[in-house]
1. If you go through the range 99-109 one residue at a time, do you hit one that is in contact with a helix residue (DSSP H, G or I) (Cβ under 6 Å, 6 or more places away or on another chain), open to solvent by 50 Å² or more (accessible area, probe 1.4 Å), part of a helix (DSSP H, G or I) and not hydroxyl-bearing (Ser, Thr, Tyr)?
2. What about Leu11, is it within 30 Å of Ala135 (Cβ to Cβ), open to solvent by less than 80 Å² (accessible area, probe 1.4 Å), of a type outside the set (Lys, Arg) and within 17 Å of the chain's Cα centre (by Cα)?
3. Does the range 117-137 hold any residues that are assigned to a loop (DSSP other than H, G, I, E, B) and either in contact (Cβ under 8 Å) with a residue 60 or more places away in the chain or open to solvent by 10 Å² or more (accessible area, probe 1.4 Å) (or both), and which are they?
4. Would you confirm, using the coordinates I've provided, whether Gly36 is in contact with a strand residue (DSSP E or B) (Cβ under 9 Å, 6 or more places away or on another chain) and surrounded by fewer than 15 Cβ atoms within 10 Å (Cβ to Cβ)?
5. Please go through (1) out of contact with any Asp or Glu (no Cβ under 8 Å at 6 or more places or on another chain); (2) at pLDDT below 90 for Arg158 and return the number of the only condition it doesn't satisfy.
6. Go through the residues of the range 52-69 one by one and say whether even a single one is exposed (fewer than 14 other Cβ atoms within 10 Å of the Cβ) and in a helix (DSSP H, G or I).
7. Identify all residues within the range 14-33 that are among the aliphatic types (A, V, I, L, M) and either open to solvent by less than 40 Å² (accessible area, probe 1.4 Å) or not in a helix (DSSP H, G or I) (or both); write none if there are none.
8. Asp140 passes all but one of (1) surrounded by fewer than 16 Cβ atoms within 10 Å (Cβ to Cβ); (2) among the charged types (D, E, K, R); (3) closer than 23 Å to Arg17 by Cβ; which number fails?
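The values are calculated or read from the model by the stated rules, or taken from the named source; none is laboratory data. Not measured: the values here are computed from a predicted model. Here Cβ is always computed from backbone atoms with ideal geometry, including for glycine, and neighbour counts include all displayed protein chains. When the accessible area is computed, the model is the full protein with side chains, heavy atoms only, and any ligands, DNA or RNA have been set aside. Shrake-Rupley method; radii C 1.70, N 1.55, O 1.52, S 1.80 Å.
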Amino acid sequence: MTRTEELRLQLADEITRGRLPPGTTLDETALAARFGVSRTPVREAIRELTASGLVDSRPHRGAIVARPSVERLQNMFDVMAELEALCAGLAGLNMTPQERRALEDLHAGMSEMMRQGDFSAYREANEQFHTSIYAGSHNDYLIEITVGTRRRLSPFRRAQFRALGRLALSHSEHERVVTAILRGDRDGAALAMRHHIAIVHDAYEQYAQSV
């Protein structure tokens, strides 16, 4: 993980948790001093958060914490759901036996993280879970645009794990996706993944209202 990525995740977590409320000015010099880095990774992190809708950055006015509109976020999740559904469906057709075993093993390992309530480990494994399904589609262009969209939504997807009972629900949703992929059920895998991403959005909204 690059320093820019670390900064992006840290700032995104602070914004989604309400520690940096909307309207807060993000001063590059102050943030660079706080994190002990140059202004370059701070500037890049702010640029990426702007793409997610968490920051409003305007020329000569600096960057301030924002909140994406309900419509904007809905549109982003709608696109994400269709992209991931396509990946899951193609993974059901195209995954090699080795890739299927790796996905099954990863899912089994996440079960223990869920039982232990290890949010941090589960959240990181979740990234690997979805990335494995993207790779299993064996479609480089689809992977490229899916990863780009996921990056924009990552602050909200990470935050949704703080919703009550979310780990157990997430794991059960994954179970349906994995089962369909292992069966080679393209339509079933796509449907299960589309449903999963819709629930991720709902979970984030539930969490956001509690902050």
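1. Within the range 99-109, one or more residues are in contact with a helix residue (DSSP H, G or I) (Cβ under 6 Å, 6 or more places away or on another chain), open to solvent by 50 Å² or more (accessible area, probe 1.4 Å), part of a helix (DSSP H, G or I) and not hydroxyl-bearing (Ser, Thr, Tyr).
2. On the way: within 30 Å of Ala135 (Cβ to Cβ): yes; open to solvent by less than 80 Å² (accessible area, probe 1.4 Å): yes; of a type outside the set (Lys, Arg): yes; within 17 Å of the chain's Cα centre (by Cα): yes.
Yes; evaluated as a whole, the condition is true for this residue.
3. Of all residues in the range 117-137, those assigned to a loop (DSSP other than H, G, I, E, B) come to 117-118, 137.
Gly117, Asp118 - these are the residues of the range 117-137 that are assigned to a loop (DSSP other than H, G, I, E, B) and either in contact (Cβ under 8 Å) with a residue 60 or more places away in the chain or open to solvent by 10 Å² or more (accessible area, probe 1.4 Å) (or both).
4. Numbers: in contact with a strand residue (DSSP E or B) (Cβ under 9 Å, 6 or more places away or on another chain): no; surrounded by fewer than 15 Cβ atoms within 10 Å (Cβ to Cβ): yes.
Against the criterion (in contact with a strand residue (DSSP E or B) (Cβ under 9 Å, 6 or more places away or on another chain) and surrounded by fewer than 15 Cβ atoms within 10 Å (Cβ to Cβ)), Gly36 does not qualify.
5. All conditions pass for Arg158, except number (1).
6. no
7. Selection gives Ile15, Leu20, Leu26, Leu31, Ala32.
8. Among (1) surrounded by fewer than 16 Cβ atoms within 10 Å (Cβ to Cβ); (2) among the charged types (D, E, K, R); (3) closer than 23 Å to Arg17 by Cβ, the lone unmet condition for Asp140 is (3).
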